[in-house]
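Q: One structure, as structure tokens, below. Some questions next.
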Amino acid sequence: MGDQQDSQQDEPPELIDLLRFTTTCLGLGIPAPKVAGDFRFGLEDLRQRGILPLEEVARIRAVTAGEATDRPEEWAAGFAEGYRSAWAAAVLSVLDTRGVVFDKHLHRGLNLCLDTDKLTRFLDRAVTATHEADLVAGEPSQRSPDGS
């Protein structure tokens, strides 16, 4: 029991609160699929607020999904990769829907981006951007020292 308490002290209090809320909901008889959806929504909220990194969200989902019993690390890595890919696609979709012209380098850069916080900022900016430059304003250059 002491080991479990020690590991809980390492977790953010917001995550502990989410876990308590989830177990309380299950204990009250709320249908498990509804509780699971709320739990995933809560994890995403913690990620967007910078409390949990994507890799930790993926690890938690791997353990709780029930689908990753054999190789949770691989499941978590695949989840994180798919998540980043979906956010990159969402940025491009918003820009395309709004008629903002962008070149292939933006497409490539978004799909290679490993920083979920940056992808989140890009998606927020895509909603109001009128030019590609509006999307990346204030961000450090993604170019390598050789200019590629």
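The values are calculated or read from the model by the stated rules, or taken from the named source; none is laboratory data. Quantities reported herein were computed from a predicted structural model and do not represent experimental measurements. So basically every Cβ, Gly included, is an ideal-geometry build from the backbone, and we count neighbours across all protein chains shown. Heavy atoms of the whole protein, side chains included, go into the accessibility calculation; ligands, DNA and RNA do not. Shrake-Rupley method; radii C 1.70, N 1.55, O 1.52, S 1.80 Å.
Q: For the range 60-80, indicate whether the set of residues that are under 12 Å from T116 (Cβ atoms), aliphatic (A, V, I, L, M) and assigned to a helix (DSSP H, G or I) is non-empty.
A: Checking the range 60-80: at least one residue is under 12 Å from T116 (Cβ atoms), aliphatic (A, V, I, L, M) and assigned to a helix (DSSP H, G or I).
Q: What are the pairs with Cβ atoms under 9 angstrom where one residue, in the range 121-140, is touching a residue at least 40 places away in the same chain (Cβ under 8 Å) and within 24 Å of R47 (Cα to Cα) and the other, located anywhere, is outside any loop (DSSP other than H, G, I, E, B) and among the aromatic types (F, W, Y)? Sequence gap at least six, or different chains.
A: Note: pairs meeting the criteria are L135/F122.
Q: I would also like to ask the following. Is it fair to say L114 is modelled with pLDDT of 85 or more, open to solvent by less than 40 Å² (accessible area, probe 1.4 Å) and among the hydrophobic types (A, V, I, L, M, F, W, C)?
A: no
Q: Look at the range 73-107 and say how many of its residues are within 17 Å of R40 (Cα to Cα), of a type in the set (A, V, I, L, M, F, W, C) and surrounded by 16 or more Cβ atoms within 10 Å (Cβ to Cβ).
A: Going through the range 73-107 one residue at a time, the tally reaches 5.
Q: For residues in the range 32-72 being among the acidic types (D, E) and without any contact (Cβ under 8 Å) to a residue 12 or more places away in the chain, which is surrounded by the most Cβ atoms within 10 Å (Cβ to Cβ)?
A: In this case the residue turns out to be E56.
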